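Student: My questions all concern the structure below.
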Amino acid sequence: MKKKIISNNKLIILMIICLLGMVVTIEILNLQSNSKNEKVKSVSNSKGGQVHKENKNKELQNKSKESSKKGDEEKEGSIKKENFIEYHGNVEHIFFHPLILNNTAAFTGPKWHTDNMDDWFVTLGEFKNILNSLYNKGYVLVDPNALYEEYTSGNKKLLKKKTLELPKGKKPLIVSIDDLSYNEGMRKATALKLILDKDGSIATYRKDNNGKEIIAHDEIVNIMDEFIKQHPDFSLNGAKGVIALTGYEGVFGYRSNLDSPIRESEAKKAKVIADKLKDNGWKFASHSYGHLDNKEISYEKLKLDADKWEKLVKPVVGDTQIYIYPHGTSVPENSDKFKYLQSKGFKIIYSVDSSSSEIISNNSAVVRAGRLAVDGISMRNRREKFLKFFDSKEVLDLKSRPKRPYKF
C-alpha cells in the first residue's frame, strides 16, 4: 500500500512538471510573437518616416524652385510675361560720344578746342540726368540685332521686322556710343582708355589737371551697367547699347592702328576690354576705319577703308552686322559703295537724321535707319525735338559750358 502511494505521488509530480513545461513554452511563444509584431511595427514606422521625410524634401524643393523663379522675375524687373504687348510704333535711336569727365579741361583753352568739346560732347552730370529722364519717360533698351530676321524669297535672303513685344507702357530705345577710341582731339577732357580694375570690372583711366592718375567707373558703359542693375526694367532681355568704333587711332585708348609700332600688343589689350563688354551685354558696330565721309570719297577709298576695319578692328571686337556712317552721311542703296558695305556682312546701316527713321526696301536684305545725336549742339538748339527724351533746359550744364547762344 505504501509503495502504491509513493508511485501515485511520483506520477502527480511528473504531471505538474509537464504542465509547467507547457506554460513556459506558451510564454516563450508569446514573447516571440510580440517581438515579431514590434519589429513589423518598427519597420512600418521606419518606412512611414522615410516617406514623410521624402515628402518633406519634395515640398522644400518645390518651395526652393518657386523662390528661385520669383528671384528670376525680380531680376527681370518683376515684369510678368502676360503684361507684354505687341509694339507697332517707332524704335527711337539716340547716340553719344565719350563723356566729358574734366569740365575744366574741356571748356578752357583755344577756341577751336572748347567749341569742339561744347558742340559734340555731353558731361558726366548731363548724361546721368538724361538717363534718369529716359527711364522716367518709360523707355526700355532694345538690341537692334533682335529687331529683324532673315527670310527666304525664291533664292534670295531678305530682311524683315520681327514682332516686338514690350512690357505694357514701355517704349523701345537704342543707345549707341560713337568713337569710344579716345582719339587725340578729346583726350584732355575724356578718359584716356578703358581698363579692367582690380576686381576685373570695366573702368576708366585718366589723369587730373595735376597729372594724378584716376581710375573710376564714369564712362557711359559703366553708368548704364550700374543703372540697369538698379533698374532692371530699363533693359529688354539684357540689352545694353551699341559701341561704334573707328580704328585709325586704335580702340578704347589702345593704339592698335596700322601705323602703331606696338599695334599687336595693344590689340591684345583692347580685345580683353571688348570681350568683357560683350560679356556685359554690349554690342559693336563698324564706324569705318578712318572716319572718312563716305559720300565724298571714291569707291576705291571706301573699299580700302572697309578692308582696313575688317583686318584691324574686327579681330578685336568680333563679327557685327551693324555699320554706322562716319559723319552721319549716307550713300544710295543702289550705289557700288553701298553694295560693297553690304558684301562685308552689314545688314543694319545707320546714318544721322532728324528722326529715328527706318526703311527696309522691297526685296532688300538691308535696313537703313536714322539716329539722333545727343550733344551740345542738339541740347542748345533743338530742345523741342528732344523733349520726348529729356528737357535740355533742365539738363544742360550752363555753368560749366562756354557762354554761347541757346534756344530756350
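Student: The conditions are (1) of a type in the set (Ser, Thr, Tyr); (2) more than 18 Å from ILE177 (Cα to Cα); (3) in contact with a Leu (Cβ under 7 Å, 6 or more places away or on another chain), and SER335 fails exactly one of them. Which is it?
Tutor: (3)
Student: Right, next: Of all residues in the stretch 150-164 being in contact (Cβ under 8 Å) with a residue 12 or more places away in the chain and touching a Lys or Arg at 6+ places or on another chain (Cβ under 9 Å), which is surrounded by the most Cβ atoms within 10 Å (Cβ to Cβ)?
Tutor: Selected residue: LEU159.
Student: Condition first: among the β-branched types (Val, Ile, Thr) and either surrounded by 18 or more Cβ atoms within 10 Å (Cβ to Cβ) or over 30 Å from the mean Cα position of the chain (by Cα) (or both). Now tell me which residues in the stretch 367-408 satisfy that.
Tutor: VAL367, VAL374, VAL395
Student: Moving on to the next point. So which residues in the stretch 392-408 are within 12 Å of GLU126 (Cβ to Cβ) and assigned to a loop (DSSP other than H, G, I, E, B)?
Tutor: Passing the criteria: LEU396, ASP397, LEU398, LYS399, SER400, ARG401.
Student: Which pairs have Cβ atoms under 9 Å, sit 6 or more apart or on different chains, and link a residue in the stretch 89-106 that is outside the structural domain of LYS161 (by TED's automatic domain parsing) to one that is at pLDDT 95 or above and in a strand (DSSP E or B)?
Tutor: Note: no pairs meet the criteria.
Student: Is it the case, given these coordinates, that ALA203 is crowded, with 17+ Cβ neighbours inside 10 Å and free of Cβ contacts under 8 Å to residues at least 60 places away in the same chain?
Tutor: Yes: the conditions hold for ALA203.
Student: Which count do you get for residues in the stretch 165-187 that are surrounded by fewer than 20 Cβ atoms within 10 Å (Cβ to Cβ) and of a type in the set (A, V, I, L, M)?
Tutor: 1
Student: Search the stretch 171-184 for residues that are closer than 23 Å to PHE234 by Cα and pair each with any residue that is part of a loop (DSSP other than H, G, I, E, B) and aliphatic (A, V, I, L, M) when their beta-carbon atoms are under 6 Å apart and the residues are at least 6 apart or on different chains.
Tutor: PRO172/VAL91; PRO172/VAL142
Student: Please go through the stretch 364-388 and pick out each residue that is in contact with a Ser or Thr (Cβ under 9 Å, 6 or more places away or on another chain) and under 30 Å from PHE338 (Cβ atoms).
Tutor: ARG368, ALA369, GLY370, ARG371, LEU372, SER378, ARG382, LYS385, PHE386 - these are the residues of the stretch 364-388 that are in contact with a Ser or Thr (Cβ under 9 Å, 6 or more places away or on another chain) and under 30 Å from PHE338 (Cβ atoms).
Student: Kindly provide the set of residues from the stretch 184-206 that are in contact with an Asp or Glu (Cβ under 7 Å, 6 or more places away or on another chain) and at pLDDT below 95, ordered by number.
Tutor: The one that is in contact with an Asp or Glu (Cβ under 7 Å, 6 or more places away or on another chain) and at pLDDT below 95: GLU184.
Student: Follow-up question, since we're still on this one. Which of the residues that make up the stretch 205-261 are over 17 Å from ALA285 (Cβ atoms), of a type in the set (A, V, I, L, M) and in contact with a Ser or Thr (Cβ under 9 Å, 6 or more places away or on another chain)?
Tutor: ILE214, ILE215, ALA216, ILE228
Student: Let me confirm something: among ASN257, ASN237, which residue is assigned to a loop (DSSP other than H, G, I, E, B), surrounded by fewer than 20 Cβ atoms within 10 Å (Cβ to Cβ) and not aliphatic (A, V, I, L, M)?
Tutor: The conditions single out ASN237.
Student: Every residue in the stretch 363-381 that is farther than 17 Å from ASN129 by Cα, in a loop (DSSP other than H, G, I, E, B) and not polar (S, T, N, Q), please.
Tutor: ALA365, VAL366 - these are the residues of the stretch 363-381 that are farther than 17 Å from ASN129 by Cα, in a loop (DSSP other than H, G, I, E, B) and not polar (S, T, N, Q).
Student: State yes or no: is ILE94 assigned to a strand (DSSP E or B), within 26 Å of ALA203 (Cβ to Cβ) and either touching a strand residue (DSSP E or B) at 6+ places or on another chain (Cβ under 7 Å) or not small (Gly, Ala, Ser) (or both)?
Tutor: Taking the combined requirement at face value, the residue satisfies it.
Student: Residues that are over 16 Å from ILE130 (Cα atoms), touching a helix residue (DSSP H, G or I) at 6+ places or on another chain (Cβ under 8 Å) and at pLDDT 95 or above: does the stretch 389-400 have at least one?
Tutor: yes
Student: Looking at the structure I just gave you, is SER364 in the same structural domain as HIS97 (by TED's automatic domain parsing), surrounded by 16 or more Cβ atoms within 10 Å (Cβ to Cβ), under 30 Å from LYS162 (Cα atoms) and touching a residue at least 60 places away in the same chain (Cβ under 8 Å)?
Tutor: yes
Student: Sticking with this structure for a sec: Looking at ALA244, ALA191, ALA216 in this structure, which one is of a type in the set (A, V, I, L, M, F, W, C), under 21 Å from VAL122 (Cβ atoms) and surrounded by fewer than 22 Cβ atoms within 10 Å (Cβ to Cβ)?
Tutor: ALA216
The values are calculated or read from the model by the stated rules, or taken from the named source; none is laboratory data. Just so it is clear, the structure is predicted and the values come from calculations on it, not from any experiment. Positions of Cβ are backbone-derived with ideal geometry, glycine not excepted, and every protein chain shown enters the neighbour counts.
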